[in-house]
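To keep things clear, I will list the structure first and then write my remarks on it.
Read-outs: derived from the displayed coordinates by stated rules, not from any lab. Bear in mind the structure is a predicted one, so any value in this text is a computation, not a measurement. Cβ placement follows ideal geometry from the backbone for every residue including glycine, while neighbour counts extend to all protein chains displayed.
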Amino acid sequence: MCPVRAAAIAALLAGAALALAAAPMTPPQPRAFGDRPSVEQLTALGRAMFVDPGVSANGRLSCASCHDPAAAFGPNARTPSPFADGDPAHAGTRAIPSLRYARFAGRFTEHATDDEETHGVDGGPTGGLTWDGRADTAREQALIPLFDAREMANADAASLARRVAAAPYAARFRAAFSAPGRDVFADPAQVVAWMALAFEVYEQAPEFAPFDSRYDRWLAGRAALSPAELRGLALYRDPARGNCDTCHPSRRTGGRAPLFTDAGFIAVAAPRRADLPPLAGSSASQPLASRARGAEADLGLCRSGRPGLSEDPSFCGRFRTPTLRNVALRTRLFHNGALRTLRDAVAFYATRDTDPARWYPRNADGSVHAYDDLPADAAAFVDREVPFAPLPGGRPRLDERDIDDIVAFLRTLTDADVDAPAAAR
């Protein structure tokens, strides 16, 4: 194994035991055996397992069922988002995110500082994976759907290991991960540990971060943007109009391509999904965010299970800022999937507080029930900065043409391999 690859494997293995703490078992740390597993073996097995419905209890659900490679590793037009399969007990509560570019999120920290960008100012909670940031690594995140009763529903490590042992790639798995003179399938905990690591390595493959949208090509001087797209970019960056750049940075920094997310957490008060019953109870009685459903409130960060966050109400209602790369492919927007079109999402930012009746239901007395997907005691912590803050006289920061132009710009963020108009040109 070349020194670079050996170092990469060593770095990935070093934190495996910690990342697997969220699993329903505590497996020992995976080990490398001489020149194996190689990055190539881990990637190939991660790719094979990603599209294998056999790793689910019912044999019908693979990772790719919700994270379709042809849809930038997010839901395709036929995938219900939030997840649904006809069984009410399995109904998801959150929009399915894309896994593309997720590897750049970084570990969760309650106090993010960046001397270069913010000169040491505390940026607050940042990083982690999933909408509430409860997973720190792709290894940890991969275990959530594998053992969630509403998703792949594996009862334990032993049952999952048996499924992998019966898979078409079982011989390759055994050859890559068995200790000398041993069979990895004799130790289900090790099977799960290697699975999680293989998923993480696969998610570092080039197809998860191509950086080849038309906007990337424009930044490199190899493509043009239309007048509407350029107006949209200007509005996007204008701190007095769209102010999108604050949470979704669009500029190169240190020679790095923009990720279009600061990985921070913000409460935007997305409207409650119309198919859910009104909220019941108060925030004090809400379950962990990942288990909220029905008439319960999904409070995001403050119910993520992160130590110390549940006692601070200012964290309630906050969700991780997603990347806007490939956002034009999303069929459901915001953490709860309440909005169905990109234009509606941009219009929501412009008019949430100037025309709340457009987004929220009315109370019995005719008043608007603003922020209806949050308990009343969480409303104080909803973000009200630009573009939410209205202009003098209560006018929105963005008019209808502005919204159209920003949407036009956002469509330039679609990667070339999943950009249908680009493929037709």
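Which of the peptides 399-406, 289-296 is most tightly packed, and how do the rest follow, judged by the mean count of other Cβ atoms within 10 Å per residue?
For the peptides 399-406, 289-296, the packing ranking is 399-406, 289-296.
Summing +1 for each Lys or Arg and -1 for each Asp or Glu, what net charge is found among the other residues whose Cβ lies under 15 Å from the Cβ of ALA274?
So the environment of ALA274 carries a net charge of +2.
Under a 5 Å amide H to amide H cut-off, with H placed in plane at 1.01 Å, what residues pair with PHE211 once short-range neighbours are removed?
Under 5 Å from the amide H of PHE211: no residue qualifies.
Summing +1 for each Lys or Arg and -1 for each Asp or Glu, what net charge is found among the other residues whose Cβ lies under 11 Å from the Cβ of GLY128? Before the final figure, lay out each step's value.
On the way: positive: ARG107, ARG134, ARG306, ARG320; negative: GLU110, ASP132, ASP136, GLU140.
Once all neighbours under 11 Å are counted, the net charge is 0.
Hey, what does the equivalent ellipsoid look like for the stretch 95-228, semi-axes from the Cα gyration tensor as sqrt of 5 times each eigenvalue, largest first, whole Å? If you can, show how the numbers build up before the last one.
Details: eigenvalues 267, 86, 44 Å².
With the √(5λ) rule applied to the stretch 95-228, the semi-axes are 37, 21, 15 Å.
Between beta-carbons, use under 15 Å as the cut-off and find the net charge around LEU339, counting Lys and Arg +1, Asp and Glu -1.
Net local charge, LEU339 excluded: +4.
Show me 187-199, 61-73 ranked by packing, highest mean number of other Cβ atoms within 10 Å first.
On the way: 187-199: 24.1, 61-73: 21.1.
Most protected by this proxy first, the peptides run 187-199, 61-73.
For the chain, give me the percentage of DSSP beta bridges that are antiparallel, rounded to the nearest 5 percent.
90
Based on the Cβ-Cβ distance of ARG358 and ALA295, what FRET efficiency does E = 1/(1 + (r/R0)^6) give at R0 = 22 Å, to the nearest 0.05?
Efficiency, from the Cβ-Cβ distance: 0.35.
Looking at the chain as a GNM with Cα springs under 10 Å, which of ALA186, ALA220, ALA170 has the largest mean-square fluctuation?
ALA220
Given the Cα atoms of the stretch 234-300, and with Rh set as the inverse mean 1/r over their pairs in the Kirkwood sense, what is Rg to Rh to two decimals?
1.16
Kindly provide the helix-only [θ] at 222 nm of the chain, computed as the sum of -39,500 (n - 2.57) over DSSP H runs of four or more divided by all residues, to the nearest 500 deg cm²/dmol?
Helix contribution divided over all residues of the chain: -8000 deg cm²/dmol.
For the chain, place one equal point scatterer on every Cα, skip the solvent, and apply the Debye formula. What is log10 of I(q)/I(0) at q = 0.05, 0.06, 0.09 Å⁻¹?
Log10 of I(q)/I(0), two decimals: -0.18, -0.26, -0.59.
At 25 °C and a viscosity of 0.890 mPa s, what translational diffusion coefficient does Stokes-Einstein give for the stretch 283-425, taking Rh as the Kirkwood radius over Cα pairs? Give it in µm²/s as a whole number. Don't jump to the answer; show the numbers that get you there.
Values: Rh = 17.2 Å.
Diffusion coefficient, whole number: 143 µm²/s.
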